[in-house]
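Chemist: Dropping a structure here in structure tokens format, bear with me for questions.
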Amino acid sequence: MSLLTSIILFTLLGGVLSVLLASFFLVIPSHWRKVSMPHMVSFATGALLGTAFLALLPHALTEATVDPHKVFMAVLAGLLVFFFMEKLVIWRHCHSSHCDTHTDYEGGHTGTMVLIGDGLHNFVDGVLIAAAFLTDEHLGVITAVAVAAHEIPQEIGDFAVLLHSGFSRSKALLFNVLASLTTVVGGVLAYYALSDVLSILPYVLAVAASSFIYIAVADLIPGLHKETRLSATATQIFLIVAGIVVIYIAHSNLH
């Protein structure tokens, strides 16, 4: 299998497949959706943090010519940029139909904003997956799995917002799938662009790590803090650790 074929397949995994899996949760009883969603978010949190700290950053630092200070400056710059872009409601949107971001934009405008933001987000995810594959094929697989892990609960939130904005279920699914295809577009464009400038890959991986860290820490974890029961907290910790362990084992076994 060629590298480009792998990028296309795994960007489809991180984008379209995550949407289709998320759409499955729309047809199950609402009670089970509410029960499973926090667990998915907890696991995704661990998977994102594990990928950032156990896979992406170590690979970014493996090149002998790379300055570690510059790599971590890229991480810091990425965190600040993502914060600024989220303030502009361009980079990402929250995972709930009742958050401040969504309540400021009622009706169809909310759904349109979600689709635009999701398309941009997925495009960058494709770039990150391609960058990981250009560094190491196994790292690309791990990155795609981590992207899919955090996209599934996000896409569930997307569906909730689109339905709330007046989209029918079929239109919500169609437009979400179309937005997810930008992952493939980003991956293919990055393949042709990044292959000629391999020297910047460590810094692209550093930005990828900052993206995963920001999503986990700024978006997913605050939602987990809303549940304060001891049993729920124990479950969250278990699933976060499980997400980290799964990434660790997968990354170790693939090398």
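Chemist: Restricting to region 70-128, name every residue that is more than 15 Å from S180 (Cβ to Cβ), of a type in the set (D, E) and at pLDDT 55 or above.
Modeler: E86
Chemist: Scan I200, I142, I129, I152 and give me the residue that is touching a helix residue (DSSP H, G or I) at 6+ places or on another chain (Cβ under 7 Å) and over 19 Å from I8 (Cβ atoms).
Modeler: Just a single option satisfies the conditions, and that option is I152.
Chemist: Next up: Output the residues belonging to region 65-84 that are farther than 15 Å from I213 by Cα and either surrounded by 16 or more Cβ atoms within 10 Å (Cβ to Cβ) or in contact with a strand residue (DSSP E or B) (Cβ under 7 Å, 6 or more places away or on another chain) (or both).
Modeler: V66, the sole residue that qualifies.
Chemist: Hey, another quick one. Out of (1) within 25 Å of I129 (Cα to Cα); (2) at pLDDT 60 or above, the odd one out for W32 is which?
Modeler: (1)
Residue-by-condition table, conditions (1) of a type outside the set (F, W, Y); (2) touching a residue at least 40 places away in the same chain (Cβ under 8 Å):
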residue: F10; (1), (2): no, yes
residue: G14; (1), (2): yes, yes
residue: F24; (1), (2): no, no
residue: V41; (1), (2): yes, yes
residue: L48; (1), (2): yes, yes
residue: F53; (1), (2): no, yes
residue: P58; (1), (2): yes, no
residue: H69; (1), (2): yes, no
residue: F72; (1), (2): no, yes
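Chemist: Got a sec? Which helices (runs of 4 or more DSSP H) wholly within region 196-255 have at least 2 residues that are under 14 Å from the mean Cα position of the chain (by Cα)?
Modeler: Here the list reads 201-214.
Chemist: Let me ask something else about it. Of all residues in region 45-90, how many are of a type in the set (S, T, Y) and within 16 Å of the chain's Cα centre (by Cα)?
Modeler: 2
Chemist: Does region 225-236 contain at least one residue that is farther than 19 Å from V75 by Cβ, crowded, with 17+ Cβ neighbours inside 10 Å and modelled with pLDDT of 90 or more?
Modeler: Scanning region 225-236 turns up at least one residue that is farther than 19 Å from V75 by Cβ, crowded, with 17+ Cβ neighbours inside 10 Å and modelled with pLDDT of 90 or more.
Chemist: Something else now. Quick one: T62 ticks every box in (1) modelled with pLDDT under 90; (2) surrounded by 14 or more Cβ atoms within 10 Å (Cβ to Cβ) except a single one, so which number is it?
Modeler: The single condition T62 does not satisfy is (2).
Chemist: Take region 166-222 and flag every residue that is in contact with an Asp or Glu (Cβ under 9 Å, 6 or more places away or on another chain) and among the acidic types (D, E).
Modeler: D219
Chemist: May I pose another question? Any residue at all in region 214-224 that is exposed (fewer than 13 other Cβ atoms within 10 Å of the Cβ), within 13 Å of P38 (Cα to Cα) and not aromatic (F, W, Y)?
Modeler: Looking for residues that are exposed (fewer than 13 other Cβ atoms within 10 Å of the Cβ), within 13 Å of P38 (Cα to Cα) and not aromatic (F, W, Y), one finds at least one in region 214-224, hence yes.
The values are calculated or read from the model by the stated rules, or taken from the named source; none is laboratory data. This is a predicted model, so every value here is computed, not measured. Positions of Cβ are generated from backbone atoms using ideal geometry, with glycine treated the same way; all protein chains shown enter the neighbour counts.
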